[in-house]
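Peer 1: Below: one structure in structure tokens.
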Amino acid sequence: MSLSISVQFASKAKHLPTRAQVRRWALAAHRGAGASVAAANAMVTIRYVDEKEGHALNLQFRGKDYATNVLTFVHESAPFQDESAYAADIVICAPVIAREAREQKKPVAAHHGHMVLHGMLHAQGFDHEDSVEAEAMEAIEIALLRRFRIENPYESA
């Protein structure tokens, strides 16, 4: 099991996590998402962007006319022969993360951690399109976040 990860900062936001922290969160999600996925090889790029780029990507690829917190682009043909391998680009919009953290009264760093884990789970095929999928994905996120002493983001305050 190997994870090749590239962390890019195309944002000038002041509240960005360090590359090392992003890598720790990503590796935790890679190793801890499930037995079948944990055996996979992966290539992931995590790119922090400002609102303009986040908005453009969300509009172009999802038809949504606003910047969202995280976008995950899974590459259908991973450069591995292993069927459980995956490759993805994860785009995190730093200003949206900061705004949501303020609105939700949580530390910005905790929200960054949550979004890295969330994007990594999407990269591995997890989704939240229905309540059963959402519950399963949220349970994994909560367990992973607990490792970093980050509170359950789904609990009402």
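Peer 1: What's the total number of residues in segment 108-143 that are in contact (Cβ under 8 Å) with a residue 40 or more places away in the chain and under 15 Å from Pro17 (Cβ atoms)? Write out each step before concluding.
Peer 2: Pass one, segment 108-143, residues in contact (Cβ under 8 Å) with a residue 40 or more places away in the chain: 108-113, 115-126, 140, 143.
Now restrict to residues that are under 15 Å from Pro17 (Cβ atoms): 108-113, 115-120.
Going through segment 108-143 one residue at a time, the tally reaches 12.
Peer 1: Tally time: how many residues in segment 107-132 are closer than 22 Å to Asp89 by Cβ and in a helix (DSSP H, G or I)? So that I can check it myself, show each step before the final result.
Peer 2: Step one: list which residues in segment 107-132 are closer than 22 Å to Asp89 by Cβ, which gives 111-129.
If we keep only those that are in a helix (DSSP H, G or I) as well, we get 111-123.
Within segment 107-132, residues that are closer than 22 Å to Asp89 by Cβ and in a helix (DSSP H, G or I) number 13.
Peer 1: In contact with a strand residue (DSSP E or B) (Cβ under 9 Å, 6 or more places away or on another chain), surrounded by fewer than 17 Cβ atoms within 10 Å (Cβ to Cβ) and either of a type in the set (Asp, Glu) or at pLDDT 95 or above (or both): does that describe Ser6? Reasoning before the result, please.
Peer 2: On the way: in contact with a strand residue (DSSP E or B) (Cβ under 9 Å, 6 or more places away or on another chain): yes; surrounded by fewer than 17 Cβ atoms within 10 Å (Cβ to Cβ): yes; either of a type in the set (Asp, Glu) or at pLDDT 95 or above (or both): yes.
Yes, satisfied.
The values are calculated or read from the model by the stated rules, or taken from the named source; none is laboratory data. Keep in mind the model is a prediction, meaning the values are calculated, not measured. Note that we place each Cβ from the backbone using ideal geometry, even for glycine, and neighbour counts take in every protein chain shown.
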